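Worksheet: the structure to be examined is printed underneath.
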Amino acid sequence: MKLGVMAALFAGRKLEDVAQYCAEIRLDAIELPVGAYPGKPFFDPAAVLASKKEQDRIKGILKDHGLTLSGLAVHGNPVHPDKRHAAKDHTDFVNAVKLAPVLGTDVVITFSGCPGGSKADKMPNWVTCAWPPDYLAILDYQWRQVLVPYWSAQARLCAKHGVKVAWEAHPGFCVYNPDTLIRLSAAAMKASGLKGKPILGANLDPSHFFWQGIDPIESARVLGEAGLLFYCHAKDTGLHLHKGRINGYNDARPYGDLNNRAWNFRTCGYGHGHEFWKPFISMLRRQGYDHVLSIEHEDALMSVEEGLERAAAFLSEAIIVEPAVKPWWC
């Protein structure tokens, strides 16, 4: 298992400088953002697709610094009811799918997206309960008429390019927990007509599960047993119990309102210690995950460098490396 970084936090810096810094702090891999919400801070994906010289330049920078490209991030909402928004995010996603194998990875990390509640809507509508009955009608529309048709088509596109989609389960989008992820993967793969292993799977980010009351360790087990554990973000969450006991954790206060929110994103180890991270990483390995822990820094209490370096040092104590020689009892 390798340690890497989701590089959107380095927006405004040159890829050469970022790669050098990652090498200096002994990271093994890097996840590059190429559009939608993370933006495209290092290069224009469409321009790179059209230029072998640019492709070779990017691959050369990573190789020179001993970095593996773990995946391309394009977290967007390609099923947004605003057609312009949807078209832009879809174009970014397609570019990422085509660019991934060219740059040396087979993983594209994204969101499932969230449509409106009907064809007339102009904003996404995230349903969180089954009553009144209007909400079940919204879910039926979103899944049957939008999500399954869209993602079945994208599964065929990804199969053509040898790429896997790693959905990040995130509140606000239709895939927000293991159940919705497993169900959408199964329905879209069936509708695609593709056979064999799933192409639509999970980017498991424990930080979004803590405040939903979901156990990330059990989630890793369930997603692994379903064959959907494609990728993993390493990000922590601090739960403020005195707030949660009063109002719960479904908190829409701005992320900058640190003193009043019921939870905040934290650097790994500052929300949960090794009592969580060691069993979590062990479960990943038990389920056959031997790819990258991609550190995603969104801790408002720490600078980019401090948060990333502290997370890397903390996780290096918990990460499990495949032994060069199997013990005699294995």
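Every number in this text was worked out from the coordinates using simple rules, so none of it is lab data. None of these values were measured; they are calculated from a predicted model. Counting neighbours? That spans all protein chains shown, and the Cβs are built from the backbone with ideal geometry, glycine included.
So what's the net charge close to Gly273: Lys and Arg +1, Asp and Glu -1, counting the other residues with Cβ under 14 Å from its Cβ?
Values: positive: Arg266, Lys278, Arg310; negative: Asp236, Glu275, Glu317.
Taking every Cβ under 14 Å from that of Gly273, the sum is 0.
Along the charge dipole of region 1-109, Cβ charges K/R +1 and D/E -1, which of Val102, Leu3, Gly66 sits furthest on the positive end?
Val102
Who wins for biggest fluctuation among Ala262, Ala100, Ala188 in a Gaussian network model of the chain, springs between alpha carbons below 10 Å?
Per the Cα network of the chain with a 10 Å cutoff, Ala262 tops the list.
Mean-square fluctuation check for the chain, GNM, Cα pairs under 10 Å: which of Asp89, Asp257, Asp121 is largest?
In the Gaussian network model the winner is Asp257.
Report, in debye and to the nearest 20, how large the dipole of region 1-129 comes out about its Cα centre when Lys and Arg carry +1 and Asp and Glu carry -1 on their Cβ.
280
Starting from the Cα of Lys160, draw a straight line to each of the aspartates and glutamates and keep only those under 16 Å, dropping any in the same chain fewer than 8 residues away.
Of all the aspartates and glutamates, those that pass the test against Lys160 - Cα under 16 Å, at least 8 places apart if same chain - are Asp106.
Which shape class applies to region 1-76: rounded if a/c is under 1.5, otherwise prolate when a/b exceeds b/c and oblate if not, where a ≥ b ≥ c are the square roots of the Cα gyration tensor eigenvalues?
Values: a/c = 1.69, a/b = 1.22, b/c = 1.38.
In terms of gyration-tensor shape, oblate.
Mind giving me the nanometre distance, one decimal, between the label points for Trp126 and Asn177, set 7 Å out from Cα along Cα→Cβ?
1.4
List, in order, the whole-Hz ³J(HN,Hα) value for each residue of region 297-314 obtained from phi through the Karplus relation with A = 6.51, B = -1.76, C = 1.60 and θ = phi - 60°; use x for Gly and Pro.
For region 297-314, the Karplus curve yields 8, 9, 8, 6, 8, 9, 5, 4, 5, 5, x, 5, 5, 5, 5, 4, 5, 5 Hz.
Can you tell me the dipole magnitude for the chain around its Cα centre, using point charges on the Cβ only (Lys, Arg +1; Asp, Glu -1), in Debye to the nearest 20?
1000
Give, to the nearest whole percent, the P(r) tail of region 192-330 beyond 20 angstrom, counting all Cα pairs. The partial results should precede the final answer.
Working: 5033 of 9591 pairs.
Within region 192-330, distances greater than 20 Å cover 52 percent of Cα pairs.
Please state, as a whole number in µm²/s, the translational diffusion coefficient that the Stokes-Einstein equation yields for region 133-200 at 20 °C and 1.002 mPa s, with Rh defined as the Kirkwood radius across alpha carbon pairs. Each step should come with its number before you reach the end.
Details: Rh = 12.4 Å.
Value of D from the Cα-based Kirkwood radius: 173 µm²/s.
Going by average Cβ neighbours within 10 Å, how do the peptides 190-202, 289-301 rank, with the highest at the top?
Packing order, densest peptide first, comes out as 289-301, 190-202.
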